[in-house]
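A.B. asks: Please read through the structure below; I'll follow up with questions.
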Amino acid sequence: MSTADTVEKNESPTPENPEQAHDVQHDHAHDHVEGHTHEHAAGPALNPELTRTVDVTVPAEEVEKGYKEVVKRYRKMARIPGFRAGKVPESLVRSKFADAIKQDVMESLLPQHFRAALDTQKVTPISQPQVTNLKLEEGQPLQFQAAFEVMPEINIAGYQDTKIAKEDGRLTDEEFQAELDRIRDARSTMEPVEEERMLQRGDWAQVSYSGFDKAAEGAEPKAEISADEVVIEIGGKQTLEAFTEALTGATVGQEMDVDVSYPEDFGERRLAGKTVAYHLTVKGIKRKMMPELNDEFAKELGEYDSFEDFKTKLRESLEHNKQRRAAAEGRDKLIDALVARFQFPVPETLVQQQVDARLERGLRALAMQGMSADHMRQLNFDRLRTAQRDTALQETKGALILDRIADEEKVEVPDEEVEKQLQYFAMEQREPVETLRQRLTQDGGLARIREQLRREKTGNLLYERLAS
């Protein structure tokens, strides 16, 4: 976060027509003040424990000087029919562009005097100031009050005494076998059973079906649930027992009716907790053919010398991933323990920034899943923000604790570590490294990357030292 620079705006060229200048600048100025003599519109809520205010008065002679400079610029740029450029009477300029002139004077004076007040009080804001009681009239002193948040004092005495149990990152034989079975199953094929026989457990029934929610029976028209040519594993872990019982012993061509009750936690929401009346038709019987676990199977999966080579590398990869997940879970538990141990007020500004970040990640995920921009605009963002706040508060508090411990432990992030992360992001986003570097440098993203790496490094250090 910047300090007094938070109220600075980038200088932009003044349009030839001062009315255009007012249009361009007025909205931006509202980030700092809404009017000249009335209250600023309510800004984001600030934590009262961390809110500080400064009262500022700018001498009348400086206000007068500001007016003269702005009016001079407006006279030079004004284009009014009947007058040559630069020859518009000052009185006409002052009356025609009164509001815009007043706004520009305020914007030219407020930032520098706000910074001076901060220097006098020796405070560092972490939020945009909320300006109130602003009074600006030519020939009179400029007066305003600015409220903002500051960082809390964080006492981390005794953090070295925090203990948690170390997560078990060892890979079990059962976990290895489950992954091997999953890979093998993914390479399996379905083959039709040519012999005429009944369905039995282990078979896959090829069926078509239609059905309706029994709770809606009698309603017109019925909401039909139907599909053609689907396969159901008889006795499979993912197959509801009602289907297994109905299909066991059935033959190709047979039709049947069966009521299926879905549990409340069923994965498909439209069926969860409902009882559906189905009409089934058996179209065929299939069996799953599993590939042999041999050298040929391994070579189909990648550049492996043999099946034993594949198993060795698979185990190494699984072990590495489990250890990494275990360490991440352990760090999270350690940070949770630190958050519970140390109590201090948290800046609402930082909490809301974290809410923004969480919502942005969520929206990106929805976009990747195919949600349209129109559907996203229909989301209730007030409700979403409220739902995210508690988690964002805990995450913000954890980050502040890690920053404080990093200072204590003198944790540093070398440039080469930032560069490595930057290259990773460039590959992930398919963007040239230098283009990404320039963009992140301009918007402060590069500093945020370093900040996040420092926190991760501090978390790793604490986990290795405090987990047992």
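A.B. asks: Anything in the stretch 277-293 that is among the aliphatic types (A, V, I, L, M), farther than 24 Å from Phe307 by Cβ and in contact with an Asp or Glu (Cβ under 6 Å, 6 or more places away or on another chain)? List them, or say none.
C.D. replies: Applying the first criterion (among the aliphatic types (A, V, I, L, M)) to the stretch 277-293 yields 277, 280, 282, 285, 289-290, 293.
Then keep just the ones that are farther than 24 Å from Phe307 by Cβ; that gives 277, 280, 282, 285.
Scanning the stretch 277-293 gives Ala277, Ile285.
A.B. asks: I'm checking my understanding of the structure. Among residues of the stretch 29-78 that are open to solvent by less than 50 Å² (accessible area, probe 1.4 Å), closer than 30 Å to Leu92 by Cα and not in a helix (DSSP H, G or I), which one is modelled with the highest pLDDT?
C.D. replies: Step by step, filter the stretch 29-78, then rank; the result is Val58.
A.B. asks: On the given criteria, is Glu431 assigned to a loop (DSSP other than H, G, I, E, B), in contact (Cβ under 8 Å) with a residue 40 or more places away in the chain and surrounded by fewer than 17 Cβ atoms within 10 Å (Cβ to Cβ)? Break it down into steps so the answer makes sense when it comes.
C.D. replies: Working: assigned to a loop (DSSP other than H, G, I, E, B): yes; in contact (Cβ under 8 Å) with a residue 40 or more places away in the chain: no; surrounded by fewer than 17 Cβ atoms within 10 Å (Cβ to Cβ): yes.
In short, no.
A.B. asks: For residues that are at pLDDT below 95 and open to solvent by less than 80 Å² (accessible area, probe 1.4 Å), scanning just the stretch 299-308, find the one that is nearest to Leu247 (Cα to Cα).
C.D. replies: By that ranking, first place goes to Leu301.
A.B. asks: Same structure, new question: Please go through the stretch 244-277 and give me each residue that is open to solvent by less than 30 Å² (accessible area, probe 1.4 Å), in a strand (DSSP E or B) and of a type in the set (Val, Ile, Thr), ordered by number.
C.D. replies: Scanning the stretch 244-277 gives Val258, Val260, Val276.
For (1) closer than 16 Å to Asp403 by Cβ; (2) hydrophobic (A, V, I, L, M, F, W, C); (3) over 15 Å from the mean Cα position of the chain (by Cα); (4) surrounded by fewer than 12 Cβ atoms within 10 Å (Cβ to Cβ), each residue gets a yes or a no:
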site	(1), (2), (3), (4)
Phe342	yes, yes, yes, no
Arg361	no, no, no, yes
Leu366	no, yes, no, no
Arg377	no, no, yes, yes
Asn380	no, no, yes, yes
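A.B. asks: Of the residues Asp168, Asp185, Asp173, which single one is over 30 Å from the mean Cα position of the chain (by Cα), modelled with pLDDT under 95 and loosely packed, with under 14 Cβ neighbours inside 10 Å? Can you show your working first?
C.D. replies: Working: Asp168 fails: over 30 Å from the mean Cα position of the chain (by Cα); Asp173 fails: modelled with pLDDT under 95.
Of Asp168, Asp185, Asp173, the one residue that is over 30 Å from the mean Cα position of the chain (by Cα), modelled with pLDDT under 95 and loosely packed, with under 14 Cβ neighbours inside 10 Å is Asp185.
A.B. asks: Can you go through Glu268, Glu229 and tell me which one is over 39 Å from the mean Cα position of the chain (by Cα) and not basic (Lys, Arg)? Walk me through how you get there before you give the answer.
C.D. replies: Details: Glu268 fails: over 39 Å from the mean Cα position of the chain (by Cα).
Exactly one of Glu268, Glu229 is over 39 Å from the mean Cα position of the chain (by Cα) and not basic (Lys, Arg), namely Glu229.
A.B. asks: Can you pull out the residues in the stretch 202-249 that are acidic (Asp, Glu) and modelled with pLDDT under 90?
C.D. replies: Taking the stretch 202-249 as the starting set, the residues that turn out to be acidic (Asp, Glu) are 203, 213, 217, 220, 224, 228-229, 233, 241, 245.
Within the stretch 202-249, Asp213, Glu217, Glu220, Glu224, Asp228, Glu229 meet the criteria.
A.B. asks: Collect the residues in the stretch 79-114 that are within 15 Å of Ala146 (Cα to Cα) and either surrounded by fewer than 16 Cβ atoms within 10 Å (Cβ to Cβ) or in contact with a Lys or Arg (Cβ under 6 Å, 6 or more places away or on another chain) (or both), keeping them in residue-number order. Before you say what the answer is, go through the steps one by one.
C.D. replies: Within the stretch 79-114, the subset within 15 Å of Ala146 (Cα to Cα) is 106-107, 109-114.
Once the filter is applied, which keeps residues that are within 15 Å of Ala146 (Cα to Cα) and either surrounded by fewer than 16 Cβ atoms within 10 Å (Cβ to Cβ) or in contact with a Lys or Arg (Cβ under 6 Å, 6 or more places away or on another chain) (or both), the stretch 79-114 yields only Gln112.
A.B. asks: Within the set of pairs 6+ apart or on separate chains, which have a first residue in the stretch 291-309 that is outside any helix (DSSP H, G or I), a second that is surrounded by 13 or more Cβ atoms within 10 Å (Cβ to Cβ) and among the acidic types (Asp, Glu), and C-beta atoms under 7 Å apart?
C.D. replies: Listed by first residue and then by second, the contacts come to Ser306/Asp295.
A.B. asks: Restricting attention to the stretch 402-421, report how many residues are surrounded by 19 or more Cβ atoms within 10 Å (Cβ to Cβ) and within 25 Å of Gly362 (Cα to Cα).
C.D. replies: Here the count works out to 1.
A.B. asks: Name the one entry in Ala365, Ala337, Ala387, Ala327 that is of a type in the set (Gly, Ala, Ser), touching a Ser or Thr at 6+ places or on another chain (Cβ under 9 Å) and farther than 30 Å from Ala205 by Cα.
C.D. replies: On the way: Ala365 fails: touching a Ser or Thr at 6+ places or on another chain (Cβ under 9 Å); Ala387 fails: touching a Ser or Thr at 6+ places or on another chain (Cβ under 9 Å); Ala327 fails: touching a Ser or Thr at 6+ places or on another chain (Cβ under 9 Å).
When all the criteria are applied, what remains is Ala337.
A.B. asks: Next up: Would you point out which residue out of Val131, Val123 is part of a loop (DSSP other than H, G, I, E, B) and either touching a residue at least 12 places away in the same chain (Cβ under 8 Å) or of a type in the set (Ser, Thr, Tyr) (or both)? Show your work before the answer.
C.D. replies: Numbers: Val131 fails: part of a loop (DSSP other than H, G, I, E, B).
After ruling out the rest, the residue left standing is Val123.
Residue-wise test of (1) polar (S, T, N, Q); (2) more than 30 Å from Arg341 (Cα to Cα).
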{"residue": "Ala365", "(1), (2)": "no, yes"}
{"residue": "Gln378", "(1), (2)": "yes, yes"}
{"residue": "Asp382", "(1), (2)": "no, yes"}
{"residue": "Thr386", "(1), (2)": "yes, no"}
{"residue": "Arg389", "(1), (2)": "no, no"}
{"residue": "Ile401", "(1), (2)": "no, no"}
{"residue": "Gln423", "(1), (2)": "yes, yes"}
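The values are calculated or read from the model by the stated rules, or taken from the named source; none is laboratory data. What you are looking at is a predicted structure, and each value in this text was computed from that prediction instead of being measured. Cβ atoms come from the backbone with ideal geometry, glycine included; neighbour counts cover every protein chain shown. To get the accessible areas, we keep the full protein, side chains included, count just its heavy atoms, and leave off ligands, DNA and RNA. Shrake-Rupley method; radii C 1.70, N 1.55, O 1.52, S 1.80 Å.
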